[in-house]
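Step one of this worksheet: look at the structure below.
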Amino acid sequence: MDTKLSKETLCVQAGWEPKNGEPRVLPIYQSTTFKYDTSEQMARLFDLKDSGYFYTRLQNPTNDAVASKITALEGGVAGMLTSSGQAANFYAVFNICEAGDHFVCSSTIYGGTFNLFAVTMKKLGIECTFIDAEASEEEISQAFRPNTKCLFGETISNPGINVLDIEKFARIAHKHGVPLIVDNTFATPINCRPFEWGADIVTHSTTKYMDGHATCVGGAIIDSGNFDWEAHADKFPGLTQPDESYHGLTYTKAFGKMAYITKATAQLMRDLGSIQSPENAFLLNLGLETLHLRVPRHCENAQKVAEWLEKNPKVKWVNYCGLKSNKYYELAQKYMPNGSCGVIAFGLKGSREEAIRFMDSLKLVCIVTHVADARTCVLHPASHTHRQLSDEQLIEAGVAPDLIRLSVGIENVNDIISDLEQAMKCI
Ligand SMILES: *Cc1c(COP(=O)(O)O)cnc(C)c1O
């Protein structure tokens, strides 16, 4: 599909382009396997000499259609779906890091990603240095080592709502000859396309706004095709040296700009699985068809709720980058002039118990471990998603112990505010 088309059109139409007589709507290819006429044809697929489907653990046509829609929205050259956002972030880094390698990451990231990078990847021999994203380029540069393989950050951090200076991060990464990977879950390509600001690889938890209805856990990895792996061949032998498991094929030589995604599919999906189910991909696609309608409404509602919270005497602080008073307002205006996201972080005056009582008194707004779906919901990260972090780590991750994460949905905003108001009266 013509990727010059507007985002709205890509949301509705990109990905599945039926040929004559084929279903208008993306079919669910609910099949683990695919049929070939000759043994030779199948063998060529296993050697990566032909492209085609043979087993859904590696690739499935429904998934690929949806991945190509997200790729078009992000302005990338290749993409893949994963079973979760966690799998997407793991694969995005693990595709270019192995035991003995190191990478650098903003400390203000999603708690699950923090745990993956700080604890689980360390067990695999991959070390991550977390840095203050607001430190100077010189200070952040000091974290880089000869074995550093990438820099990682979130466009808008979950749950702190810190905005990443993508251009600054891209400059630092490229100065050290490594790609910048950006988790663009909260902004979505509707509000920000990190590739336009120098990011090389984008990841998503499609579980959030992309699905938008809280039905399917999923993830995506999109490659801009801009990072020159060959120019830093010694750093990325997995892409630039022969792969013994495919008869000595070299990804950059065989696949050019598709090298990174092809390697992630051919090696990581083959060996580790974590494919998204075709049925979930179908539902994700339905979500994507209205992403361009829902995201602006989330932002409009969140702006009104944030302004209301800011004026409320029971509220100690509000962090929403659409507020003029916010530390990230300028950065948000630069990278996301049409709106940022529907998620607000705030703290109440009074004790932790009062915060809990406020949340328990909400009626329309539910306590759920989720963000970024159509229904307004609330969570206390220090007691829920981030409970494995110490208070020190919480603060480092941009999560104050009193932080309440409010994910503003697409209901009528007056009903959302009325519910918050009645719950405030209960504390
Ligand atoms: C939720 C989330 C993840 C993890 O995604 P899952 O789909 O839950 O595995 C990663 N990054 C961000 C920014 C998230 O909000």
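The values are calculated or read from the model by the stated rules, or taken from the named source; none is laboratory data. A quick note: this is a predicted structure, and the numbers were derived from the prediction, not measured. Glycine gets a Cβ as well: all are built from the backbone with ideal geometry, and neighbour counts include every protein chain shown. Remember, those area values only see protein heavy atoms, side chains included, never the ligands or the DNA or RNA. Shrake-Rupley method; radii C 1.70, N 1.55, O 1.52, S 1.80 Å.
Test MET1 against the stated conditions and say whether it is in the same structural domain as CYS192 (by TED's automatic domain parsing), modelled with pLDDT under 95 and surrounded by 12 or more Cβ atoms within 10 Å (Cβ to Cβ). When the stated conditions are applied, MET1 does not pass them. Within segment 37-57, is there a residue that is at pLDDT 95 or above and either closer than 18 Å to THR290 by Cα or not assigned by TED's automatic domain parsing to the domain that holds ALA266 (or both)? Looking for residues that are at pLDDT 95 or above and either closer than 18 Å to THR290 by Cα or not assigned by TED's automatic domain parsing to the domain that holds ALA266 (or both), one finds none in segment 37-57, hence no. Determine the pairs where a residue that is among the hydrophobic types (A, V, I, L, M, F, W, C), located within segment 153-165, has a partner that is within 11 Å of the ligand (Cβ to nearest atom) and assigned to a strand (DSSP E or B) with Cβ atoms under 9 Å apart, the partner being 6 or more residues away or on another chain. Cβ pairs passing all conditions: ILE156/VAL343; ILE161/VAL343; ILE161/ARG405; VAL163/ILE156; LEU164/GLY153; LEU164/GLU154; LEU164/ILE156; LEU164/VAL182. Filter segment 29-64 down to the residues that are polar (S, T, N, Q) and buried (at least 17 other Cβ atoms within 10 Å of the Cβ), then identify the one that is nearest to GLY248 (Cα to Cα). Looking at residues that are polar (S, T, N, Q) and buried (at least 17 other Cβ atoms within 10 Å of the Cβ), I get GLN59. When GLU74 is tested against (1) touching a Gly at 6+ places or on another chain (Cβ under 8 Å); (2) under 30 Å from ALA397 (Cβ atoms); (3) modelled with pLDDT of 95 or more; (4) crowded, with 21+ Cβ neighbours inside 10 Å, only condition (1) is not met.
With respect to THR376, determine if the residue is crowded, with 16+ Cβ neighbours inside 10 Å, over 19 Å from ARG297 (Cα atoms) and of a type in the set (Val, Ile, Thr). Let's see the steps before the verdict.
Numbers: crowded, with 16+ Cβ neighbours inside 10 Å: yes; over 19 Å from ARG297 (Cα atoms): no; of a type in the set (Val, Ile, Thr): yes.
No; evaluated as a whole, the condition is false for this residue.
Residue-wise test of (1) of a type in the set (Val, Ile, Thr); (2) under 26 Å from ASN191 (Cα atoms).
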position: SER361; (1), (2): no, no
position: ASP373; (1), (2): no, yes
position: VAL378; (1), (2): yes, yes
position: ALA382; (1), (2): no, no
position: LEU389; (1), (2): no, no
position: ALA397; (1), (2): no, yes
position: ASP402; (1), (2): no, no
position: GLY409; (1), (2): no, yes
position: VAL413; (1), (2): yes, yes
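No other residue among ASP415, ASP402 is under 19 Å from LYS311 (Cα atoms) and in a loop (DSSP other than H, G, I, E, B) apart from ASP402.
In segment 6-28, what residues are part of a loop (DSSP other than H, G, I, E, B) and surrounded by fewer than 20 Cβ atoms within 10 Å (Cβ to Cβ)? Full working, then the answer.
Going through segment 6-28, the residues part of a loop (DSSP other than H, G, I, E, B) turn out to be 6, 14-28.
If the condition is that a residue be part of a loop (DSSP other than H, G, I, E, B) and surrounded by fewer than 20 Cβ atoms within 10 Å (Cβ to Cβ), then SER6, GLU17, PRO18, LYS19, ASN20, GLY21, GLU22, PRO23, ARG24, VAL25, PRO27, ILE28 are the ones that fit.
In segment 140-153, the qualifying residues are those that are open to solvent by 10 Å² or more (accessible area, probe 1.4 Å) and not basic (Lys, Arg), and the one that is farthest from ALA372 (Cα to Cα) is PRO146.
Restricting segment 254-266 to residues that are open to solvent by less than 50 Å² (accessible area, probe 1.4 Å) and free of Cβ contacts under 8 Å to residues at least 60 places away in the same chain, the residue that is nearest to ASP223 (Cα to Cα) is ALA259. Of the strands (runs of 3 or more DSSP E) lying entirely inside segment 106-225, those containing at least 2 residues that are over 30 Å from TRP317 (Cβ atoms) and within 12 Å of the ligand (Cβ to nearest atom) span 219-223. Scanning segment 166-201 for residues that are out of contact with any strand residue (DSSP E or B) (no Cβ under 9 Å at 6 or more places or on another chain), under 27 Å from LEU10 (Cα atoms) and of a type in the set (D, E, K, R) yields GLU167, GLU196. Cβ separations smaller than 6 Å between residues 6+ apart or across chains give the following pairs from segment 211-222 residues that are closer than 15 Å to ALA65 by Cβ and open to solvent by less than 10 Å² (accessible area, probe 1.4 Å) to residues that are within 9 Å of the ligand (Cβ to nearest atom) and in a loop (DSSP other than H, G, I, E, B): GLY218/THR206; GLY218/THR207; ALA220/THR206. Remark: pairs (first residue in segment 89-110, free of Cβ contacts under 8 Å to residues at least 24 places away in the same chain; second residue of a type in the set (A, V, I, L, M, F, W, C); Cβ separation under 8 Å; 6+ apart in sequence or on different chains) are absent.
Return yes or no: is GLN393 among the polar types (S, T, N, Q), part of a helix (DSSP H, G or I) and buried (at least 16 other Cβ atoms within 10 Å of the Cβ)?
Details: among the polar types (S, T, N, Q): yes; part of a helix (DSSP H, G or I): yes; buried (at least 16 other Cβ atoms within 10 Å of the Cβ): yes.
It is true that GLN393 is among the polar types (S, T, N, Q), part of a helix (DSSP H, G or I) and buried (at least 16 other Cβ atoms within 10 Å of the Cβ).
Taken as a whole, segment 304-321 holds at least one residue that is open to solvent by 80 Å² or more (accessible area, probe 1.4 Å), assigned to a helix (DSSP H, G or I) and under 27 Å from THR207 (Cα atoms).
On inspection, SER157 qualifies as among the small types (Gly, Ala, Ser) and under 30 Å from THR290 (Cα atoms).
The residue that is farthest from the ligand (Cβ to nearest atom), counting only those in segment 85-105 that are outside any helix (DSSP H, G or I) and open to solvent by 10 Å² or more (accessible area, probe 1.4 Å), is GLY100. Considering PHE282, PHE236, the condition of being buried (at least 17 other Cβ atoms within 10 Å of the Cβ), in contact (Cβ under 8 Å) with a residue 24 or more places away in the chain and touching a Leu at 6+ places or on another chain (Cβ under 7 Å) is satisfied by PHE282 alone.
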